[in-house]
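Everything on this sheet refers to the single structure shown next.
The values are calculated or read from the model by the stated rules, or taken from the named source; none is laboratory data. What you see is a predicted model; the values in this text were computed from it and never measured. Counting neighbours? That spans all protein chains shown, and the Cβs are built from the backbone with ideal geometry, glycine included.
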């Protein structure tokens, strides 16, 4: 078949039945092309991605130069990824996608403690301790006494809950980044007693910057955003019959609370680190949802 063009242009042959694709019709063509797979969930996710991505291109009238720059950015992001560094996860963090996926995947009952991101510093291989142990590894800093309680949504204690904790030191470094440190520090696995309690001593965690020497750091600077995370204590709690809780406790006096680059701060997770003669104390109760 042929189509008519304005004067001065000759007819251009096209395949019979093949529509001419333009900015309005190409989206449906792509969706039709991907509609024959056997994985229904993949079709749903990929279809939504195509629709939103195409709408984005149309909304901002994306230029070829801008799209090439975006591809270059993603290429550099991938090239920086190693077994010890995941720049794409960092990109997901600063775009708020990590927290959004977490919020969708962990919808809690109103009285349960809110979830937050796991972060890159959790370790499956960590030492186990009895309640009251010192996990500071002898590192310098303000002494911190921590008392934690785990209960269910009815307020009943949860005995035998596995409580993982980990955090940065007074300079904002996790144990894997502390020069000269051998073994683990500022992390450990505890179990709650019959009354749902456990405790330990350590040093107060300081704020620290996310890695900013790669493409994500360049994006943060171009956006005028802070790379500093507020000081926090990571907590992960598992107990039979309950949904796993992964969360953090932030200092209420931290100057970076309102500008966390990975959007992990929630009002209910801001805690008071009380000052006393020996250092600081933190007391907090966690409420678990039943699975």
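Of 240, 215, 207, all but one fail to be more than 21 Å from residue 281 (Cα to Cα) and under 18 Å from the mean Cα position of the chain (by Cα); the exception is 215. Scan region 148-164 and give yes if some residue there is at pLDDT below 95, surrounded by fewer than 19 Cβ atoms within 10 Å (Cβ to Cβ), more than 26 Å from residue 209 (Cα to Cα) and under 23 Å from the mean Cα position of the chain (by Cα), otherwise no. No: zero hits.
Inside region 95-110, can you point out the residues that are surrounded by fewer than 13 Cβ atoms within 10 Å (Cβ to Cβ) and in a loop (DSSP other than H, G, I, E, B)?
Our first condition is that a residue be surrounded by fewer than 13 Cβ atoms within 10 Å (Cβ to Cβ); within region 95-110, this holds for 100-101, 104-105, 107, 109-110.
Matches in region 95-110: 107, 109, 110.
Taken residue by residue, region 256-267 has no member that is more than 16 Å from the chain's Cα centre (by Cα), under 29 Å from residue 140 (Cβ atoms) and in a strand (DSSP E or B). Screening residue 291 with (1) farther than 23 Å from residue 151 by Cα; (2) within 23 Å of the chain's Cα centre (by Cα); (3) modelled with pLDDT under 95 gives one miss only, at (1).
Let's see how each residue does on (1) touching a helix residue (DSSP H, G or I) at 6+ places or on another chain (Cβ under 8 Å); (2) closer than 23 Å to residue 98 by Cβ; (3) assigned by TED's automatic domain parsing to the domain that holds residue 200:
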| residue | (1), (2), (3) |
| --- | --- |
| 227 | yes, yes, yes |
| 237 | no, yes, yes |
| 241 | no, no, yes |
| 247 | yes, yes, yes |
| 264 | yes, yes, yes |
| 274 | no, no, yes |
| 278 | no, no, yes |
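Within region 215-241, count every residue that is in a loop (DSSP other than H, G, I, E, B) and out of contact with any strand residue (DSSP E or B) (no Cβ under 8 Å at 6 or more places or on another chain). Spell out how you get there, then give the answer.
Filtering region 215-241 down to residues in a loop (DSSP other than H, G, I, E, B) leaves 223-227, 230-231, 239-241.
Then keep just the ones that are out of contact with any strand residue (DSSP E or B) (no Cβ under 8 Å at 6 or more places or on another chain); that gives 223-226, 240.
Residues flagged as in a loop (DSSP other than H, G, I, E, B) and out of contact with any strand residue (DSSP E or B) (no Cβ under 8 Å at 6 or more places or on another chain) within region 215-241 amount to 5.
Among the residues making up region 116-139, those that are out of contact with any strand residue (DSSP E or B) (no Cβ under 7 Å at 6 or more places or on another chain) and either farther than 29 Å from residue 267 by Cα or not in a loop (DSSP other than H, G, I, E, B) (or both) are 125, 130, 137, 138. Of all residues in region 243-250, at least one satisfies being surrounded by 14 or more Cβ atoms within 10 Å (Cβ to Cβ), modelled with pLDDT of 95 or more, touching a strand residue (DSSP E or B) at 6+ places or on another chain (Cβ under 6 Å) and in a loop (DSSP other than H, G, I, E, B). Number of residues in region 78-112 that are under 17 Å from the mean Cα position of the chain (by Cα) and over 20 Å from residue 289 (Cβ atoms) equals 16.
Only one of the numbered conditions (1) closer than 29 Å to residue 81 by Cα; (2) free of Cβ contacts under 8 Å to residues at least 24 places away in the same chain; (3) surrounded by 17 or more Cβ atoms within 10 Å (Cβ to Cβ) is violated by residue 270, and that is (1). Scanning region 216-240 for residues that are farther than 25 Å from residue 169 by Cα and crowded, with 21+ Cβ neighbours inside 10 Å yields a single hit, 239.
For region 24-94, which fully contained helices (runs of 4 or more DSSP H) count at least 3 residues that are farther than 30 Å from residue 265 by Cβ and in contact with a helix residue (DSSP H, G or I) (Cβ under 9 Å, 6 or more places away or on another chain)?
On the way: elements: 26-33, 40-60, 64-79, 87-94.
The qualifying helices (runs of 4 or more DSSP H) are 26-33, 40-60, 64-79.
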